[in-house]
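The values are calculated or read from the model by the stated rules, or taken from the named source; none is laboratory data. Because the structure is predicted, anything quoted here is derived from the model rather than measured. As a convention, Cβ positions derive from the backbone with ideal geometry for all residues, glycine included, and neighbour counts pool all protein chains shown. In case anyone asks, the SASA skips ligands and DNA or RNA and just uses the protein heavy atoms, side chains included. Shrake-Rupley method; radii C 1.70, N 1.55, O 1.52, S 1.80 Å.
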Amino acid sequence: MDQALIALSYWHDSVGAAAPRAGLDGDADADVAIVGGGLTGLWTAWYLLERDPALRIVVLEKEVVGFGASGRNGGWCSALFPRSTASLERAHGREAALAMRRAMIATVDEVGAFSSSWDFDFAKGGTLAYARSAVQERAARAEIAEADAFGVDDIGWRGAAEVGAAGALGAAFDRHCARLHPGKLVRGLALALEARGVRILEGTEVTEVSSGRVTTLRGVVTAEKVVVATEGYTATLPGSRRRILPLYSLMIATEPLPVSFWDEVRLPHGTTFTDYRHLLIYGQRTADDRFAFGGRGARYHWGSAIRPAYDRVPRVFEHLRRALVDLFPAAADAEVTHRWGGPLGVPRDWHAAVEYDPATRIGRAGGYVGDGLSTTNLAGRTLADLLTGADSELVRLPWVNHRSPDWEPEPLRFLGANAGMLAMAAADTEERLTGRRSVIARVMGPLVGH
Ligand SMILES: Cc1cc2nc3c(=O)[nH]c(=O)nc-3n(C[C@H](O)[C@H](O)[C@H](O)COP(=O)(O)OP(=O)(O)OC[C@H]3O[C@@H](n4cnc5c(N)ncnc54)[C@H](O)[C@@H]3O)c2cc1C
């Protein structure tokens, strides 16, 4: 396999070589053309075929399947949505907010059901969100109380004796989360689609999307309906420059660690973890007993630029290694074998959305921030219903046809996005020093999606 692809993530490396697919060769036509071979595009193709097996579907991918966030993420298949239930209630009313929560919770099991068709290391063991200070414990207990008040989620408190992170006073445990191997998921899904007749064309860069027409560097695809599924890369398409901001999340993976280590830190297979700091971290125990551990902290680049060099920031990798060892000191000598990163997609109001315009016959989904692994599946099902005109519960969910405001033009976008990042790091320091909930986080939080 191409070294550059292996370096994309531990997941790409561990699934090994895949024969590259052909690109578009001249003009073509289809019933549905999908731009982007990540999970949004692929799930949409899957559910479209379920609704109508006769559809001729083509997926146009600039690089290879899973090149984007779908092949690089933390492997948390969670019921999380980038906006909390309370904020969804404020925006859309209680019933709509609860319907969205129920749909997200059901999606974890919907994804899991595919693991009987091909193996992607799916194990549903919930998430532990460690509370490592009194301030964090108050935040955890407030989250549990909020979940109880809405009565849909299933989050409970686990005491210090039940959790194995250093200095943890306890943790909020959310049952609705699974660990999986993103590379195996996305690659297996693409193969399953091809077995059903979907044409997946790699190395095919789309340069323009309009009603019934997708222009690429290798020819034009004429299609009855078009779906744009480019998430963090959306700003590179004309007409979409300020829709979604690419924000980098970076990860490391360690060598495999002995089972005795995992018993000690109380992380059984399937249980993912995070804590209540403001500058997000997230981790999982992989099926082969490594840590895959990631977090924010990489800066936003002027003009929503995306470059391979931005996937690697030594300062952030070192920050992640230190954060991991701080949580689990017994991992201090574990070798870090992989380092990578990639852009996820952030809408201005942190509200993921699925849209379909019957006039242009163009559909889109995205803006999942760091919660896209399961949400892409819900998006795929919803887009399939919208495109085929099905009147389902899915098309009435509050994220359907939600339109986020555009991001500000530069330099405001650059200043705002990076100030938000710095503020979250500063908020963690403030809480450590004062022992009280950060004022910075209270002021800046609503602007950066907390
Ligand atoms: C490091 C990291 C960790 C994450 N961890 C988690 C996690 O643990 N849990 C979770 O729920 N979410 C996580 N996320 C977010 C999640 O991975 C994404 O929300 C999700 O994968 C988005 O899928 P997608 O198909 O919409 O976009 P992508 O997977 O980014 O796919 C978009 C595709 O479009 C292609 N493309 C772009 N431009 C063009 C063009 N002009 N022509 C043709 N093709 C084009 C790209 O090459 C890419 O393959 C993480 C993201 C990152 C980066």
> Could you list, in sequence order, the residues of region 361-399 that are in a strand (DSSP E or B), open to solvent by less than 30 Å² (accessible area, probe 1.4 Å) and within 27 Å of LEU280 (Cβ to Cβ)?
Replying inline: ALA365, GLY366
>> Can you confirm whether GLY416 is of a type outside the set (S, T, N, Q) and either touching a Cys at 6+ places or on another chain (Cβ under 6 Å) or closer than 25 Å to GLU89 by Cβ (or both)?
In response: no
> When only residues in region 335-374 that are more than 12 Å from the ligand (Cβ to nearest atom) and touching an Asp or Glu at 6+ places or on another chain (Cβ under 6 Å) count, which is nearest to ALA305 (Cα to Cα)?
Replying inline: THR337
> Which of the strands (runs of 3 or more DSSP E) contained wholly in region 262-345 include at least 2 residues that are without any contact (Cβ under 8 Å) to a residue 60 or more places away in the chain and surrounded by 22 or more Cβ atoms within 10 Å (Cβ to Cβ)?
Replying inline: 291-295
> For LEU39, which of the numbered conditions (1) open to solvent by less than 10 Å² (accessible area, probe 1.4 Å); (2) over 16 Å from the mean Cα position of the chain (by Cα) fails to hold?
Replying inline: (2)
> Quick one: which of LEU201, LEU217 is in contact (Cβ under 8 Å) with a residue 40 or more places away in the chain and of a type in the set (A, V, I, L, M)?
Replying inline: LEU201
>> Take the residues in region 412-447 that are at pLDDT 80 or above and of a type in the set (Lys, Arg); name whichever of them is most open to solvent (accessible area, probe 1.4 Å).
In response: ARG432
>> For the list (1) in contact (Cβ under 8 Å) with a residue 24 or more places away in the chain; (2) more than 19 Å from the chain's Cα centre (by Cα); (3) farther than 22 Å from ARG196 by Cβ, I need the number of the one condition that ALA79 fails.
In response: (2)
>> Quick check on this structure: which one of GLU231, GLU137, GLU162, GLU194 is open to solvent by 50 Å² or more (accessible area, probe 1.4 Å) and closer than 30 Å to LEU98 by Cβ?
In response: GLU162
> Does GLY71 meet the test of being out of contact with any Pro (no Cβ under 9 Å at 6 or more places or on another chain), open to solvent by less than 20 Å² (accessible area, probe 1.4 Å), under 25 Å from TYR10 (Cα atoms) and modelled with pLDDT of 95 or more?
Replying inline: no
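Return yes or no: is GLU208 surrounded by fewer than 24 Cβ atoms within 10 Å (Cβ to Cβ), over 24 Å from the mean Cα position of the chain (by Cα) and within 15 Å of the ligand (Cβ to nearest atom)? Step through it out loud before you land on a result.
Working: surrounded by fewer than 24 Cβ atoms within 10 Å (Cβ to Cβ): yes; over 24 Å from the mean Cα position of the chain (by Cα): yes; within 15 Å of the ligand (Cβ to nearest atom): yes.
Taking the combined requirement at face value, the residue satisfies it.
Working carefully through the options ALA223, ALA171, ALA190, ALA147, find the one that is within 12 Å of the ligand (Cβ to nearest atom), modelled with pLDDT of 95 or more and not in a loop (DSSP other than H, G, I, E, B).
Details: ALA223 fails: within 12 Å of the ligand (Cβ to nearest atom); ALA171 fails: within 12 Å of the ligand (Cβ to nearest atom); ALA147 fails: within 12 Å of the ligand (Cβ to nearest atom).
That would be ALA190, the only listed residue that is within 12 Å of the ligand (Cβ to nearest atom), modelled with pLDDT of 95 or more and not in a loop (DSSP other than H, G, I, E, B).
Report yes if TRP350 is modelled with pLDDT under 95, crowded, with 19+ Cβ neighbours inside 10 Å and not in a helix (DSSP H, G or I), otherwise no. Write out each step before concluding.
Values: modelled with pLDDT under 95: yes; crowded, with 19+ Cβ neighbours inside 10 Å: yes; not in a helix (DSSP H, G or I): yes.
Answer is yes for this residue.
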> How about region 226-254: which of its residues are more than 22 Å from ASP406 (Cβ to Cβ) and within 11 Å of the ligand (Cβ to nearest atom)?
Replying inline: SER249, LEU250, MET251, ILE252
>> Under 8 Å between Cβ atoms, which residue pairs at least 6 apart in sequence (or on different chains) link something in region 352-375 that is more than 21 Å from VAL32 (Cα to Cα) with a partner that is in a loop (DSSP other than H, G, I, E, B) and acidic (Asp, Glu)?
In response: ALA352/ASP371
